Structures are given as structure tokens and as C-alpha cells.
1. Being touching a residue at least 24 places away in the same chain (Cβ under 8 Å), farther than 30 Å from residue 209 by Cβ and in contact with a strand residue (DSSP E or B) (Cβ under 7 Å, 6 or more places away or on another chain) narrows it down to one of 10, 19, 31, 101, so name that one.
2. Look through 52, 57 and report the one residue that is assigned to a strand (DSSP E or B) and surrounded by fewer than 23 Cβ atoms within 10 Å (Cβ to Cβ).
3. Determine, yes or no, whether residue 357 is within 16 Å of the ligand (Cβ to nearest atom), touching a strand residue (DSSP E or B) at 6+ places or on another chain (Cβ under 8 Å) and farther than 30 Å from residue 434 by Cα.
4. State whether one or more residues within the stretch 348-367 are outside any helix (DSSP H, G or I), surrounded by fewer than 23 Cβ atoms within 10 Å (Cβ to Cβ) and at pLDDT 95 or above.
5. Does residue 447 satisfy the condition of being crowded, with 18+ Cβ neighbours inside 10 Å and within 23 Å of residue 303 (Cβ to Cβ)?
6. Mind listing just one residue for me: the one in the stretch 602-628 that is in a strand (DSSP E or B) and more than 33 Å from the chain's Cα centre (by Cα) and, of those, farthest from residue 538 (Cα to Cα)?
7. Checking the conditions here, which among 12, 85 is out of contact with any helix residue (DSSP H, G or I) (no Cβ under 6 Å at 6 or more places or on another chain) and away from the ligand (no atom under 16 Å from the Cβ)?
8. Considering only residues that are within 16 Å of the ligand (Cβ to nearest atom) and in a helix (DSSP H, G or I), which ones fall in the stretch 368-405?
Ligand code: AHR
């Protein structure tokens, strides 16, 4: 294929073309990105999830029970755990399994718990092996506990050695003889390892770094279905995710487990700041997953709530909600340019839901946000391809979970619309020929041919970068211990050694690591080589991104690439990603097998100024020249 790239005539890009959606699915938040080690730390009884002692076990014959005391720790956290024992029992207490284990290293852990009850003595907090009982670290915490009020105890714990695996538990004990009434009540028992960028209540370092290292520049929050909630009364309420942990009631996660909301709106904003991510904020649009729809005359409070949220994020510190943010330690407004009304309103509410969205829900939010915040771009939760005739200057959102073939078929989808979109969720999830949402047709992990299919569609999006703000992979993180959605960019368990970057991570990393500021037109047809060309004006480089999908008889594709103005001898780096012999091969967290091969080559432009290289079938490549 001979590609001749012009030096003028393309489009400026958004420069934040690659990112991800985060919602708490497959324990991607609690037990995942959110670094808290204690599972079920506050017995959060939230509708659909009655309080339970899940993850807790008695130590040395203590008796554990859940209570709602007359004096609550807070109205948000109503249940507490009573730990009772005979005064002669010695050291008694409880253990916690964590999120299916705990990573124990010689580092500083920060712990806290609240107690009510008269107790003279000290508490012992320790980290131990489940297999051998070996204690890796423990510390004594002097009691300040009384029966008249809840008292918080804080401490630091530094293990003296690294645990050989993550099959470890947290144990807290006290001397039964010192507990005057024969029992003590506990709540909000928390333990954090060091966090990403040292943030209090922060993120798990290896997972944040695995995300950061694919160079994302776009973050869509807070869902996904998490935004919608199961019913109108159990939606993700951003106001309940702010401030001290004892004031966060939690949320009945739509993916079947209770959610602490320790990873709340402020934590998302800090993440966006730490990784320099452009935010796409989705606001609740009056549709829940069970099909509940807020009628027109009752929608205004939800619109007001969305306006409050925008003010909380981006308002000056002297505004009502900006001052709340300032009181939480962030006086400077966060940048916010994109607000999306709802999530997939074309799906959850059926035809009626989608109709009400177009008739009054989207227009009412759209108008209110634009009047108050004219600089903000308002996005629909659907696309023109879902049938939304989006009023100008509104933007669309396209979600695609597809087969590799259909991603390739959609290569030119966005050539056909003048309306600007984001690709709010994208992934190859089905094998070619498969289509169902459940069952055997869904793949277990991102797989190589799917990854190449994604690369083809991403190239299609970049070619239309004047109308595509950027693309988000979804979902981003999946616990190997409890999950609902298999095909996910990064897989993890309690043991960081299991953290696995999928095949898709490699292409997203490659494309996001070579951002164009402008596309440049090129002369050649597509299929089996799909490509986009452009430049990074800030760096003074020229860039080619390409993918070969299903070449004739699986043959290599020779490429001759000439950028107008690039002289003979100019150097370039070509990065080529190739996959396994089995196109459905994947990176396996359990065996550690990585099927993606990365090859780097240094090329010099020939006498005619062109770069010559060859791409195998099912490969992805980026070439970037030296600055000129
Ligand atoms: O990414 C998983 C789910 O897929 C999202 O929550 C939802 O928006 C989509 O249907």
C-alpha cells in the first residue's frame, strides 16, 4: 500500500482521544481501584442489601452480632458490630478476609476504627497469614473507648516482613476482662496501604499506575449503569459520596454488591487531577434501570441537583457548592467542559424511556445547563445512530460492544454524521459469529483479533477527530474474585502479581502514547490496511497509525509511507504489535502468558522521502518521525 500524506488540509484533534469509563462493576471500585483493604467495613445496610457480617469472623470464641444502637455512629452508618465474650476469655475480637485476601508488605498501613463501650486496656491490630497464622506485623492501640459516645481510634501498622502471598487476614483483638459490660461495639473499621500519590482515602497504587501507563486523557464518570441506579430512589447520589466516611451511607450497586462510596465524586475528581484527565460527567437524567421514569412535572429537582453538581465541580469557592468543595480541601475549581445527561437512555427504559428522553428529559436538562453554563458542552446519552436527533449544539455518545468484524465494518461510521460524539464505551466482546449478551458468545478476556478490530474502529474515530472528542474503553478494571463483566482492560486480584494488562491495553497504550494534534489527509484506499495520518504540531513530528485486519490469505502488507515535506534520511520509530497464532488468544492472569509481541524498529526515510515497512496480518502499528 502506497500512502502519500499531504501537509495541509486535516483537522485539529481534541488531544484527549483515549480514556476510560469508571463505574463500580466487577469490584473495580470497592476492592479494586479504591485502596481500602477491609471488606464490609461499616456493615452498610442499603436497600436491597441488608446489613450482614459478610467477611467478618470471630476470634477466640467471641460472639459477633449486628445492632442498630440508640446512639448511632452517624445517620449514614446505622449498623454496628457487637463483640461479646466471657471476661475470662483473654484476647478476643474479629478478623476480616479483605477483598479475597490482602497484600501485606513492609510498608506503612493506616488503620482506624470506631468503638463504643467502656474498655480499659489496648487493642491489638495485626496482619496475619490465613495459611500458617504467621503474624507479619502488629501494633497496640491504647483504648480511649467509653460507653457514652463513639470514639475513633487511629494507628499505623508496619509489618516486619513481606507476606509470601495475599492469603492474609486482618485481626483486631482486645482483652475481654477490660470490657466492662462484657462486650464492645465497633463500626467503620478501615485499613489502607500506601495510596497512589499519597492521597488520604486514596487509590491502589498498582492499579492506578496500570491505568495511568496507558496514557489516558479522558475519564467518563460515574457510569455506566452505576449512574442510573436500580430504581429512582436508589440512584448514585453524588451528595452522599462526599466528606467523612462516616457520613457516606453507601449505595446498592447495580452489579449486585453493596458499595461503600468511599470512592466518591471528590475522589474521582482527584483522580482526574492526578492523571490530567478531561472529565465527561454524567448526571442523572430521571431514568433508572428498572424502567422508572421521572415525569415531566417532577423532573426539576433532578435538574437542580445536576446544576449543583456542576457548581460543586467547577464553581468558584464562594459559590454555594463550590464552597462545599473548598471545605473538602480543594478551593480551586476543577475543569469541566463536558456534561452528559444520563446513560444509555435508549436502553433501560425501552421505547417509552427513549421517547421521554427526547421529548422532555434531554431538552429540559440541555436548556438548563446551557443557560447557566454556556461554555459547557452537553451530551446526549445516545447517538444519532440510536435515533436521537440531537439538537445543536448538543453532542452524542456512541457505545459499542461488538464482534471484531462489526467493529471493522463500522470503520467509516462517523464519516456519515456532522454531529460531534464521544465513544463513551467501547470494546470487542464477542467472537466473530457470536452476538448474545450472555452465555458462551461472550469472551472471557480481551482477545487479539478483537483488539485489532478495536484498533480499526479507533483509527476510524481518529480520522473523524474534528467530530469525535475521544473514546473510552469499558469496563476498565475487573476483580478475578468477583465479577459481572468479563471483557475488561485490566484484571486484578488482591495480589498485585496477578494484575494483568489485556491485549487491548497494548493497542490503547500505543495509540494514546502518540497523540496527534492534527490529522493530515492521505491518498490510498483501506482494507486490509486501515490507517490514519497526522502530525503532532507541539513536538514537530508526523504520525501514522495503522492496523491490518484479515489480509488476503493472511499475507503481510508492504507499506510505503510518504509525508509531504519529510526529507530523505529523516528518522522514525515504528512500533509493531503482533499477536498469537490463535486470533482468539488472550493475556492470561492465571498463567501470566502475554500473547502480545511488541517490536520497535528505527527507520530512515529513503531517497524519495518515504518509509518502507511491512505489517503482518492482524497487526497494529504506529510510526512517529523525529521532530523536524
Ligand atoms: O460497561 C458495562 C455496562 O455496559 C455499562 O454500565 C453500561 O453503560 C453498558 O450497557
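The values are calculated or read from the model by the stated rules, or taken from the named source; none is laboratory data. None of these values were measured; they are calculated from a predicted model. Here the Cβ is made from the backbone with ideal geometry for all residues, glycine too, and neighbour counts use every protein chain on show.
1. Numbers: 19 fails: farther than 30 Å from residue 209 by Cβ; 31 fails: farther than 30 Å from residue 209 by Cβ; 101 fails: farther than 30 Å from residue 209 by Cβ.
Step by step, each of 10, 19, 31, 101 is checked, and only 10 is touching a residue at least 24 places away in the same chain (Cβ under 8 Å), farther than 30 Å from residue 209 by Cβ and in contact with a strand residue (DSSP E or B) (Cβ under 7 Å, 6 or more places away or on another chain).
2. On the way: 52 fails: assigned to a strand (DSSP E or B).
Among 52, 57, only 57 is assigned to a strand (DSSP E or B) and surrounded by fewer than 23 Cβ atoms within 10 Å (Cβ to Cβ).
3. On the way: within 16 Å of the ligand (Cβ to nearest atom): yes; touching a strand residue (DSSP E or B) at 6+ places or on another chain (Cβ under 8 Å): yes; farther than 30 Å from residue 434 by Cα: yes.
Considered against the rule, which asks whether it is within 16 Å of the ligand (Cβ to nearest atom), touching a strand residue (DSSP E or B) at 6+ places or on another chain (Cβ under 8 Å) and farther than 30 Å from residue 434 by Cα, residue 357 comes out as yes.
4. Checked against the condition, which is being outside any helix (DSSP H, G or I), surrounded by fewer than 23 Cβ atoms within 10 Å (Cβ to Cβ) and at pLDDT 95 or above, the stretch 348-367 yields no hits at all.
5. The answer is no for residue 447.
6. Initial filter on the stretch 602-628 (in a strand (DSSP E or B)): 602-604, 610-615, 619-625.
With more than 33 Å from the chain's Cα centre (by Cα) added as a condition, the list becomes 602-604, 610-614.
Details: 602: 22, 603: 22, 604: 22, 610: 22, 611: 22, 612: 25, 613: 26, 614: 28 Å.
Filtering the stretch 602-628 for residues that are in a strand (DSSP E or B) and more than 33 Å from the chain's Cα centre (by Cα), the one farthest from residue 538 (Cα to Cα) comes out as 614.
7. Working: 85 fails: out of contact with any helix residue (DSSP H, G or I) (no Cβ under 6 Å at 6 or more places or on another chain).
Of 12, 85, the one residue that is out of contact with any helix residue (DSSP H, G or I) (no Cβ under 6 Å at 6 or more places or on another chain) and away from the ligand (no atom under 16 Å from the Cβ) is 12.
8. Answer for the stretch 368-405, where residues must be within 16 Å of the ligand (Cβ to nearest atom) and in a helix (DSSP H, G or I): 385, 386.
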